[in-house]
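Working notes, structure below.
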Amino acid sequence: MGRSASVFQALLVFLITIIETQWSSVSGMYCADMASTVYRPHSVTITEFGAVGDGVTLNTKAFQNAIFYLNSFADKGGAQLFVPAGRWLTGGFSLISHLTLSLDKDAVIIGSPHSSDWPVIDPLPSYGRGRELPGGRHQSLIFGSHLTDVIITGANGTIDGQGAIWWDWFHNNTLNYTRPHLVELMYSTNVVISNLTFKNSPFWNIHPVYCRAKLLSSTLQS
């Protein structure tokens with residue numbers, strides 16, 4: 001009985017060793033493939049487009065202009081928009097395909113406290129109307145539709161919606177349109193959101209809708 005148990009244990013160790021070796025090989029190949037798909041040959045910093053990270057200057061145009069410029073690299077391996085340390089106030093802006101939005105660990109993208117800086121868009125088809133009010137809804141702070149290969153990441157930077165004022169408007173029944181989210185991506189594929197902190201959202205933090213192949217790994221705060 002003791003000899004049989006020893007033989008079984010030896011065989012089990014042997015099998016585990018083979019499995020671990022094979023898994024390590026496969027895992028390494030997988031990670032290498034992932035790294036090659038997220039490399040962006042072109043990169044710019046938001047300050048190159050006039051953005052000021054003082055928490056006061058409105059940088060919506062800077063984000064829009066930077067992303068418009070990077071769209072020219074969509075068929076050349078994609079591009080990265082880097083947001084350095086600072087407090088970057090902005091209204092809503094839209095992403096493009098084959099883009100990485102990357103935040104420094106001390107970078108904070110801050111949502112404008114003025115509703116006029118958040119565009120109004122059509123309600124979701126599945127609702128047919130605004131979720132909270134008839135008609136349209138405010139676009140999320142970071143928005144995208146019909147995209148592929150989109151990465152929103154960083155070294156644990158922060159996206160802060162300054163949502164308290166929106167919740168006040170909601171409770172006081174003074175909203176004209178449904179509140180916005182921090183991030184909303186629609187009809188999109190191959191979406192990665194990672195290594196960021198999302199907080200103070202006017203509504204939901206992250207809202208992927210009608211999307212496929214998405215990976216979310218971030219910290220959410222109410």
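The values are calculated or read from the model by the stated rules, or taken from the named source; none is laboratory data. The structure presented is a predicted model; accordingly, all values stated were derived computationally and were not measured. Glycine also receives a Cβ, built like all others from the backbone with ideal geometry; neighbour counts cover every protein chain displayed.
Selection over segment 39-88 of residues that are in a strand (DSSP E or B), aliphatic (A, V, I, L, M) and either modelled with pLDDT under 95 or touching a Lys or Arg at 6+ places or on another chain (Cβ under 9 Å) (or both) gives a count of 2. Residue pairs whose Cβ atoms lie under 8 Å apart, sitting 6 or more positions apart in sequence or on different chains, and linking a residue in segment 176-188 that is assigned to a loop (DSSP other than H, G, I, E, B) to a partner that is charged (D, E, K, R) and surrounded by 24 or more Cβ atoms within 10 Å (Cβ to Cβ), are Tyr177/Arg137; Arg179/Arg137; Pro180/Arg137.
Residues that are buried (at least 19 other Cβ atoms within 10 Å of the Cβ) and in contact with a helix residue (DSSP H, G or I) (Cβ under 9 Å, 6 or more places away or on another chain) were ranked within segment 68-81; the one that is nearest to Pro180 (Cα to Cα) is Leu81. Would you say Asn195 is at pLDDT below 95 and not in a loop (DSSP other than H, G, I, E, B)? Yes, satisfied.
With respect to (1) without any contact (Cβ under 8 Å) to a residue 12 or more places away in the chain; (2) in a loop (DSSP other than H, G, I, E, B), the lone exception for Asp168 is condition (2).
Screening Leu89, Leu95 for residues that are in contact (Cβ under 8 Å) with a residue 24 or more places away in the chain and touching a helix residue (DSSP H, G or I) at 6+ places or on another chain (Cβ under 8 Å) leaves exactly one candidate, Leu95.
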